[in-house]
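The values are calculated or read from the model by the stated rules, or taken from the named source; none is laboratory data. These figures come from a predicted structure and were not determined experimentally. Neighbour counts are summed over all protein chains in view; Cβ atoms, including those assigned to glycine, are modelled from backbone coordinates with ideal geometry. For accessibility, only protein heavy atoms count, side chains too; no ligands or nucleic acids. Shrake-Rupley method; radii C 1.70, N 1.55, O 1.52, S 1.80 Å.
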Amino acid sequence: MALWPIKNIGPMTWLYGRCDTNGCPATDMCTPPLEYCDRFTTGFGGWRGLINFFYYPTYDCFFIPAVFDCHPSISAGGYFIGYLVLDPETGQRRTEIEQSLAALPSVISGSIWNFLSTKSVEAGSYGKVFVVRTFIFSTSIFEVDPGSLEAIDGGWSIDTGTLPNYPSEWVVDGPDGAIVNITDDYLAIVGASMVREGRVWKNVSGTPEYLGAVPVPADAIYDVAYENEQYFWVSMAGGYLMKVDYKNVRVEFFSQLPDVDADDRRYLIAWDQLRGRLAVLRQKTDDPTTGACRCTLEFYRPIGKAALLSDPVPVNSLRAGKHIPFIFHLLGTAGEPIAPYTIQAALDTPAKGALLSGFARSGVGGMGTVEYQASMVTGQDTLQLQATIADGE
Amino acid sequence: MLEQVFTSTKLLPGYYNTNAMYLRFMKTWRALYYTFLNAAGTDTSLYKLLHDASTFKMSNNVKPGTWILGLAGGGVGTYGDSSPAEYVDKVFPVDEFTGFPLRQKGVSYSGTVLNWRSLVDLERDYAMTPYNGNVLRASKLSDGSVAWDFTHNLGGSQNTQYVHWVRDGQGVILQSDTGKVLFFNYLTQEVLLQTAVDPFLLAAYDSANQVIVTINTDLLVRVYAITPLPDHFIGPTLSPASPYQYGHADLSVQLVGDQGEPCAGWWIHWNLTNNKGALEKIVSQTGEDGIATNYYFCPTDAGDIGAETVSVEVAV
């Protein structure tokens, strides 16, 4: 594993229920409200289905605006929109909030096009929520009511066309996510299409100034998450995660989710601002036999966990009497350095040479050095390295 | 020939393809930056490669049109990115975490002054590129003009040579088909050391640990310490060449590798074949120039006057 796991909730069978036996009336799609039918759409072009996930501090909950398939007995090919609201501790649905938003099960107060054209919805500073819409709807990024995804009158907004160094590729395809920091007047936009970058602007309420870009090393970007007035996270294909210091325009951390497999469809992320941890909603394909939901909600500390201690490699002449450093690396699954970390070193007995220390420490790049003093006579020694990684450390 | 100190037991992922493989040491990773093209020719994957051949896939797809080169300081750069158009003809250092180009830090270059074999010193505005088998050409990135030519006479084709960074002002040329290695000072254009490793497919200089790392067609990783293996002696020589009775003379011998490179730090064992006269020492150590010295005392007994042979040995 590359990130330190805190807990894993799932499979989240409560995310949606099968209403084959409930007999939903066709007229209003699904009633009663919380016994609605069927599952997230499998989507086409990534527009539909479970595509957004954010933490909303006002309610201290995770919000999942989603598009659902109607049960075929009700409306073949039909779909409806709504919210799932999840408790950040248990991952269970907070139905009272869902109901208060009038979000489920039928069409909510917002336009369905708001949902269908929303490429990203994220909480930003001040607990406000912002969306990025596709070019069909708008090229702007603006503040919305989290309950309807409707633009708030007089709310913050920006026409991305006014931003210097805004890639033309994003005008056509739309970026994949945006982070708005009203407090310090920063805007970060992330897009995979051709450009594969996260770009940052400041003074966006006045004369926007382009600060620079960080690379996004993946073909597909699944989600972004606002952490605070300094950092945001990006989730990518392959389960890669990246933490970006957008004020200094640099990647702060690069890692990978554990247990990535072919049944994973997306990794949606949200930063739990109250508890200071990263939540990952792993959207998986349904169980092929039972059709049951296999999505999981996972929580991680934003630090790397060691996955590999490499074999020691000598970097000096292997000669009798020589002082020979052996290098090693301690890394996470995405190759992220795990440092500083203490490594135990020992020679198999009987040993001809000697180690200068029974301990070594990983440093820059996760690399460390074990110092070995060869004996004055020809011989052979075996060096053993060990890193003890304790759960919950 | 440098001493090989490690051969991996693991195989690298990928397959043998000389046209789409790159190997550079990335100092911030303390590891190697390795890419190769998949069998379908559609996907150039980027790996972080450790010295023991452990790999981490950093990305499925290095951005198309991106080529890799070395940067002074121990970084990796890319160039020739074709999209977005505003970034064409620039050299970009790569991000220390992701290995992807930091394109806001792009530096424009003029003309065809670099390729994937080059070492670029952005601070000094140099692109150092094999010009032909015997000449390394440094061009100014800014205007494409020739800054200097360094004639090294390694021979062969420029398409077998890669230039890597060693330390400030120093580089190394690694030649794949012969395994020749030439350390040089690119501020003064002087040769520092010429030596060799086994022929390779790709090679990089690890500037943090001062070793050369190679990959051959067997997809194993090999590590070479910068300690030339002895091949032969030059000498010993006696000065004066014919000392007189009661006299004395300086003895010296140079220990060199197969490329004539000096072998430092080796213990030389001295012997007199006929036991005429005496040696000051029976062992002495070679210095940085590969030379070990001794002192010969001529015989004092007239009966011992005659020819004497000094022999030297080294345990390799």
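Points to keep in mind about this one:
- Test: residue in the stretch A:307-317 that is more than 10 Å from every other protein chain (Cβ to nearest Cβ), closer than 22 Å to B:Tyr34 by Cβ and surrounded by fewer than 22 Cβ atoms within 10 Å (Cβ to Cβ): no
- Among the residues of the stretch A:183-211, those that are part of a strand (DSSP E or B) and open to solvent by 30 Å² or more (accessible area, probe 1.4 Å) comprise A:Tyr186, A:Lys202, A:Glu209, A:Tyr210, A:Leu211.
- Test: residue in the stretch A:190-200 that is modelled with pLDDT of 95 or more and more than 12 Å from every other protein chain (Cβ to nearest Cβ): no
- Taken over the stretch B:192-223, the criterion of being open to solvent by 40 Å² or more (accessible area, probe 1.4 Å) and either touching a Leu at 6+ places or on another chain (Cβ under 7 Å) or assigned to a strand (DSSP E or B) (or both) is satisfied by B:Leu192, B:Gln194, B:Asn216, B:Thr217, B:Arg222.
- Each residue in the stretch B:224-242 was checked for being open to solvent by 40 Å² or more (accessible area, probe 1.4 Å) and farther than 30 Å from B:Ala302 by Cα, and 6 pass.
- Given (1) closer than 28 Å to B:Gln285 by Cα; (2) within 14 Å of chain B (Cβ to nearest Cβ), number of the condition A:Val364 does not satisfy: (1)
- Total residues in the stretch B:267-302, condition touching a helix residue (DSSP H, G or I) at 6+ places or on another chain (Cβ under 9 Å) and surrounded by 13 or more Cβ atoms within 10 Å (Cβ to Cβ): 3
- Meets criteria (open to solvent by less than 50 Å² (accessible area, probe 1.4 Å), more than 14 Å from chain A (Cβ to nearest Cβ) and not polar (S, T, N, Q)) for B:Gly179: yes
- Candidates A:Val214, A:Val180, filtered to the one that is β-branched (Val, Ile, Thr), part of a strand (DSSP E or B), within 13 Å of chain B (Cβ to nearest Cβ) and closer than 20 Å to A:Tyr226 by Cα: A:Val214
- When restricted to residues that are assigned to a loop (DSSP other than H, G, I, E, B) and away from every other protein chain (no Cβ under 14 Å), the stretch A:217-253 contains 5.
- Meets criteria (aliphatic (A, V, I, L, M), away from chain B (no Cβ under 12 Å) and under 25 Å from B:Asp206 (Cβ atoms)) for A:Ile343: yes
- A:Thr285 loosely packed, with under 14 Cβ neighbours inside 10 Å, modelled with pLDDT of 90 or more and β-branched (Val, Ile, Thr): no
- Residues that are over 14 Å from B:Gly80 (Cα atoms) and in contact (Cβ under 8 Å) with a residue 40 or more places away in the chain within the stretch B:96-119 comprise B:Glu96, B:Thr98, B:Gly99, B:Leu119, listed in sequence order.
- For the stretch A:374-385, the criterion of a residue being under 30 Å from B:Trp267 (Cα atoms), more than 14 Å from every other protein chain (Cβ to nearest Cβ), open to solvent by less than 30 Å² (accessible area, probe 1.4 Å) and polar (S, T, N, Q) is satisfied by at least one position.
- Leading residue by the ranking (farthest from A:Thr378 (Cα to Cα)) among those in the stretch A:323-340 that are open to solvent by 10 Å² or more (accessible area, probe 1.4 Å) and at the interface with chain B (Cβ under 9 Å from one of its Cβ atoms): A:Thr333
- The sole residue among B:Gln245, B:Gln189 that is surrounded by fewer than 18 Cβ atoms within 10 Å (Cβ to Cβ) and touching a helix residue (DSSP H, G or I) at 6+ places or on another chain (Cβ under 8 Å) is B:Gln245.
- When B:Thr129 is tested against (1) within 11 Å of chain A (Cβ to nearest Cβ); (2) modelled with pLDDT of 95 or more; (3) surrounded by fewer than 24 Cβ atoms within 10 Å (Cβ to Cβ), just one condition goes unmet, and that condition is (1).
- Every residue from the stretch B:90-113 that is of a type in the set (A, V, I, L, M), farther than 18 Å from A:Asp245 by Cβ and either within 8 Å of chain A (Cβ to nearest Cβ) or open to solvent by less than 20 Å² (accessible area, probe 1.4 Å) (or both): B:Val91, B:Val113
- Of all residues in the stretch B:132-146 being open to solvent by 40 Å² or more (accessible area, probe 1.4 Å) and of a type in the set (Gly, Ala, Ser), the one that is farthest from B:Thr195 (Cα to Cα): B:Ser142
- Extreme residue, most open to solvent (accessible area, probe 1.4 Å), among residues of the stretch A:344-373 that are more than 27 Å from A:Gly239 (Cβ to Cβ) and β-branched (Val, Ile, Thr): A:Thr349
- A:Glu298 modelled with pLDDT of 90 or more, more than 9 Å from chain B (Cβ to nearest Cβ) and open to solvent by less than 40 Å² (accessible area, probe 1.4 Å): yes
- Qualifying strands (runs of 3 or more DSSP E) (wholly inside the stretch A:269-331; at least 2 residues being in contact (Cβ under 8 Å) with a residue 60 or more places away in the chain): A:277-284, A:296-304
- Checked against the criterion of being modelled with pLDDT under 75 and surrounded by fewer than 18 Cβ atoms within 10 Å (Cβ to Cβ), the candidates A:Phe80, A:Phe115, A:Phe137, A:Phe68 yield just one match: A:Phe137.
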